[in-house]
Each structure stands twice: as C-alpha cells, then as structure tokens.
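Q: Got a structure for you, written out below as structure tokens; questions coming shortly.
The values are calculated or read from the model by the stated rules, or taken from the named source; none is laboratory data. Predicted model, so just to flag it, every value in this text is computed and none were measured. Here the Cβ positions follow ideal geometry from the backbone for every residue, glycine too, while neighbour counts run over all protein chains shown. Just so you know, the surface numbers come from the protein's heavy atoms only, side chains and all, with ligands and any DNA or RNA stripped out. Shrake-Rupley method; radii C 1.70, N 1.55, O 1.52, S 1.80 Å.
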Amino acid sequence: MKLFVNGREIEVPVSAMQKRIVEFLREDLDLTGAKNACDIGACGACTILVNDEPMRICIKLVKDFASARILTIEGLAAPDGTLHPLQQAFVDCGAIQCGFCTPGMVLTAHAFLLKHPRPTRDQIRQAIFKNLCRCTGYQQIIDAIEKAAPHYQRD
Amino acid sequence: MGGGATALAARELKKKIAEALCEKLHCVADQVRFKDNFVYGKLDADRITFADAMRQMWAMQKFPFALGVFKAPRVSWDEHTGQGDAYFTWVYGCQAVELTVNKRTGKVKLLNAVAAHDVGRAVNPEMVRGQIYGGMAMSAGYGLHEEVKAPGGKMTTLNLNTYRIPRSMDLPEMKAIIVENPDPVSPTGAKSIGEPANEILAPAIANAIFNATGVRHFSLPIKLDAQPEPTACEEGCAK
C-alpha cells in the first residue's frame, strides 16, 4: 500500500496497516505536528488534510488512507523552511500560545481559505468551529486567518 | 515576583555576555548592546546573532548563567484588625459583556465582550492581548458550560466531548484594552495578566443575565431553566 505524504511517496509495510494513522505519522515518519489529544475525535488537534479536506485522524487506521494525498503541517512551509503566509500570519497576530491546537488550526484554515479566499469573520469563526483552543479565545486566530486571506486570492 | 527575579538575573546575564564578547565586538563591555536577536558592539557593523554569541561563549567555555533574587516588599496587613495593605501590587481590571437570553430554551448567547486591564507595562503587547482573550474565553467557559460531574463520587466527565470548553462559535468578538501603569516595585514595571483576565467575565455574565432576566445566580456554571411559554404575540413582541 502507498501513501502520499507532503508530496512524498511512502511505501507502507504490511505490519503498519493496522496502526492508527496518527501514530504512524508521528512515530514511523517522525511528523509530530498532528497531536493525539482527546483520542476520540472531539478536539481537532490531530487534524491533517486528506485530499485537501481537513480530517480528524486520531480514530482512523493507516489502511483507510490507501493512495490518499496527505498534507501535514510539516508540508505547508517551503522546503527551505520559509513559513507559509498563513503560518507567518499566525506568528504575527499572536495566534499561538501553547501551540497544541496550532497545526490542526492552521491546516483547517488552509483548506478553508483555498475554497473561500474572501471570507467574513463570521465564516472564519464557523470554519474553525471543530478545532478546540484553550489559550487564545480564538480572537487572534481569526485575525490571522483574515490577514492571510489575500494570499489565497488569485485575481 | 518570578518576573522580578528573572529580570534581575537577565541583567546580570547581559553583563556576563558583554564581558565575554566585548573584545570580539571591538569595544568595552559597557558599549555592548542587545537588540532584535543581535548582539552589537559600539558600531552597528560589529554585530553577531544571539545564537552566534552563545556559540562563541561555548567555545570560550564561558557559560551564560546568572542568579536573580527578588525579595517581596513588606506589607502592612494586620490579620487581627483586618486593616492595612494586604499586597504590594494591585492589578486593576474591568470586563463588560453584552448577551441575549433565550427565555424559552434557556440558552445564553454572548454578543460582545470588552476588557481593560492595568498590566503595569506590556512587555509583549500582542501576547498580553492573547492572555486577555484567552482569560475571557476560559471565564465564559466556566461561567456557562464547564462542569465536572461526579455522581456518587465517580467521575463521569472524562473527555472533551462531555467537558464542554468554549468553541469559536460560543464566543463573541472580544476587545482587549491595555492600560499601562508601570509598577514601581517590579523591575520591569510589569504586573500580571494571566489570572486577572481569567476571573471577571463570569461575574459580568452573571450580572448581564440578572439585567436581562431579573434573576440572580450564585453558582457556576449558570444554568437557566427552559421555560415553555408559547404566547400569542411571541413573534411580534420578542425581547
């Protein structure tokens, strides 16, 4: 079975097929951005993008992702380490405190902005509804997503 | 107080770094400056990154550590008479909230919230605002939703599906106003903000609910009873 993670083709050994995907990413591929927090799909800290759609993966197995295109937070920045404009906006707006929700939050926002490059603040609020954050009150996260939106506008 | 000790230690540390590196920066220790992650000599051209400075100190086997001790000033509080100053620093803050109560469902919707806090000196304003927003969110959470249930001593609130912390849609647009009133006792002028921001939105919510319904609530989270009262003019005379 094959996985496509951050543009890289990964051959999955049969022994790993029954592993949970979040553990496979973290332990086998050393991609620790996705966090396993609540373990029941309630908090959104494990969110990654699967074929450009945000998905909570803590309850899913590796075998559910055959041939899927996966983007984790590690794949969002440029190869030279330059932050994606959305990540930079998170830094600039103070949208990060403890950082535990941040990878899931950024990826959820990324998928949202790809589809809705001119969002209202209310739409942004709705878009991140499923991602819990304990530190920020979401205010600066919404500021950051709003600030990054022009980078997604094509015209 | 921890901040006080840290600031004093940092000052000592700067001295140590300046003494270790001034020769390499072509100046004397007093002329070494620290700015934006760089260590500067007398001239702007003589500069190295902070990371580089640490590497050079390591190479010289000079270790960047320092000790800071901050002793709390005496207070005049008298336990017997209940008089005097109980603390040496006072943090002032005020938060206000606007909300609606749906009388039929008992649901409370927050519309607007604003906070003003005397933080002494805002060392990192964006982070101060973050602490204020986060504090307000937590306060709204324990004011309206968050509750650990343990019937018969057995905990049933075990995860985030049953312990309901605020989601983005539960919170209103918030405004944070920073009031700078440097604290003479603190080496940086800063006071604190984590706890003050956390404490006072729930009482504001309780007061707003009283203003909306005329009922006082004395325990948190506030639970409003759903009231089935379909009346003839419900649509026309809402509010």
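Q: Could you sort out which of A:LYS19/A:LYS147; B:LYS109/B:LYS175; B:LYS109/B:LYS154; B:LYS35/B:LYS191; A:LYS35/B:LYS191 sit more than 27 Å apart by Cα distance in this structure?
A: A:LYS19/A:LYS147; B:LYS109/B:LYS154; A:LYS35/B:LYS191
Q: Please compute, for peptide A:91-102, the average count of beta-carbon atoms on other protein chains lying within 10 Å of each residue's beta-carbon.
A: Neighbouring Cβ atoms belonging to other protein chains average 2 per residue here.
Q: A further question follows. How far is it, in nm, from the label point at B:HIS80 to the one at B:LYS109 when both lie 7 Å from their Cα along the line to the Cβ?
A: Those two pseudo-labels are separated by 5.9 nm.
Q: Report, to one decimal in Å, the Kirkwood hydrodynamic radius for the range A:4-155 based on all distinct Cα pairs.
A: Result for the range A:4-155 stands at 15.7 Å.
Q: Take B:GLN227, project a point 7 Å from its Cα along the Cβ direction, then tell me which residues of the range B:91-131 have their backbone nitrogen under 18 Å from it.
A: Within reach of a label on B:GLN227, which here means backbone N under 18 Å from a point 7 Å along Cα→Cβ, the range B:91-131 contributes B:99-109.
Q: When all protein chains stay in place, what accessible area (Å², nearest 10, 1.4 Å probe) is found for B:HIS217?
A: Ignoring ligands and nucleic acids, B:HIS217 comes out at about 50 Å².
Q: Give me the accessible area buried between chains B and A, both sides summed, with a 1.4 Å probe, in Å² rounded to the nearest 100.
A: When B and A are taken together, about 2100 Å² of accessible area is lost.
Q: Between the helical axis of B:125-144 and the dominant principal axis of chain B, each derived from Cα atoms, what acute angle in degrees is found, rounded to the nearest 10?
A: The answer is roughly 30 degrees.
Q: Percent antiparallel among DSSP beta bridges with both residues in the protein assembly as shown, to the nearest 5?
A: 75
Q: Additional query: Before I look further, what does the protein assembly as shown give for accessible area per residue, probe 1.4 Å, in whole square angstrom?
A: That works out to 57 Å² for each residue.
Q: Taking beta carbons within 10 Å but only from partner chains, what does the mean come to for residues A:32-43?
A: Shielding by partners across A:32-43 averages 2.
Q: Give, ordered by residue number, each residue of the range A:129-143 whose 1.4 Å probe accessible area is reduced by a minimum of 30 Å² on adding the remaining protein chains to the chain alone.
A: At a threshold of 30 Å² (probe 1.4 Å), the residues of the range A:129-143 that become less exposed are A:PHE129, A:LEU132, A:ARG134, A:GLY137, A:TYR138, A:GLN139, A:GLN140.
Q: Given the options A:GLN126, A:GLN140, A:GLN87, state which has the largest fluctuation in a GNM of chain A using a 10 Å cut-off (strictly under) for Cα springs.
A: Comparing A:GLN126, A:GLN140, A:GLN87 in the GNM, the peak value goes to A:GLN126.
Q: Across all directions of projection, what mean area in square nanometres is found for the Cα convex hull of chain B? List each step's numbers first, then the result.
A: Numbers: hull surface 87.7 nm².
For chain B, the mean projected area of the Cα convex hull comes to 21.9 nm².
Q: Name the residues of the range B:160-193, by number, that are at least 40 Å² less accessible with every protein chain in place than in the isolated chain; the surface is that of heavy atoms, probe 1.4 Å, without ligands or nucleic acids.
A: Relative to the lone chain, where solvent access is computed with a 1.4 Å probe, the range B:160-193 loses at least 40 Å² at B:LEU160, B:ILE165, B:ARG167, B:SER168, B:MET169, B:GLU173.
Q: Can I ask one more? Given a Förster distance of 51 Å, report the FRET efficiency between B:VAL148 and A:GLN153 from their Cβ-Cβ distance, rounded to the nearest 0.05.
A: Given R0 = 51 Å and the Cβ-Cβ separation, E is 0.70.
Q: Per the Cauchy relation, a quarter of the hull surface: what is the mean projected area of the convex hull of the alpha carbons in the range A:3-82, in nm²? Let's see the in-between values first.
A: Values: hull surface 20.4 nm².
Convex hull of Cα atoms, orientation-averaged projection: 5.1 nm².
Q: Counting Lys and Arg as +1 and Asp and Glu as -1, each charge on the Cβ, what is the dipole of chain B about the Cα centre in debye, to the nearest 20?
A: 540
Q: Full extension from B:LEU43 to B:VAL69: what is 0.36 nm times the residue separation minus their Cα-Cα distance, to one decimal in nm?
A: 6.0 nm
Q: Give the cross-link partners of A:LYS63 among the aspartates and glutamates, using a straight C-alpha distance below 20 Å as the criterion and excluding same-chain residues fewer than 8 apart.
A: Here the aspartates and glutamates satisfying the reach criterion relative to A:LYS63 are A:GLU9, A:GLU11, A:GLU23, A:GLU27, A:ASP28, A:ASP30, A:ASP39, A:ASP52, A:GLU53.
Q: Also, I was wondering about something else. Taking 0.36 nm per residue of separation and subtracting the Cα-Cα distance, what length does fully extending B:VAL28 through B:ALA51 add?
A: Net length gain for the segment: 6.2 nm.
Q: Sorting check: for B:56-68, B:101-113, which peptide has the highest mean count of neighbouring beta carbons within 10 Å, and how do the rest follow?
A: Averaged packing, sorted descending, gives the order B:101-113, B:56-68.
Q: Can you give the FRET efficiency for A:ASP30 and A:GLN126, using 1/(1 + (r/R0)^6), R0 = 25 Å, r = Cβ-Cβ distance, to the nearest 0.05?
A: According to the calculation, E is roughly 0.15.
Q: Once label points are set 7 Å from the Cα along Cα→Cβ at both B:CYS94 and A:MET1, what is their separation, rounded to one decimal in nm?
A: Between B:CYS94 and A:MET1, the label points sit 6.1 nm apart.
Q: Using only alpha-carbon positions, what ratio does the radius of gyration of the protein assembly as shown give when scaled by 2.2 N^0.38 Å?
A: Normalised Cα radius of gyration, the protein assembly as shown: 1.22.
Q: In nm, to one decimal, how far is the modelled label at B:ALA9 from the one at B:GLU126, with both set 7 Å along Cα→Cβ?
A: 2.6
Q: Give me the angle, in degrees from 0 to 90, between the Cα long axis of helix A:139-148 and the longest principal axis of the Cα atoms of chain A, rounded to the nearest 10.
A: Taking the Cα atoms of chain A, the angle to A:139-148 is about 90 degrees.
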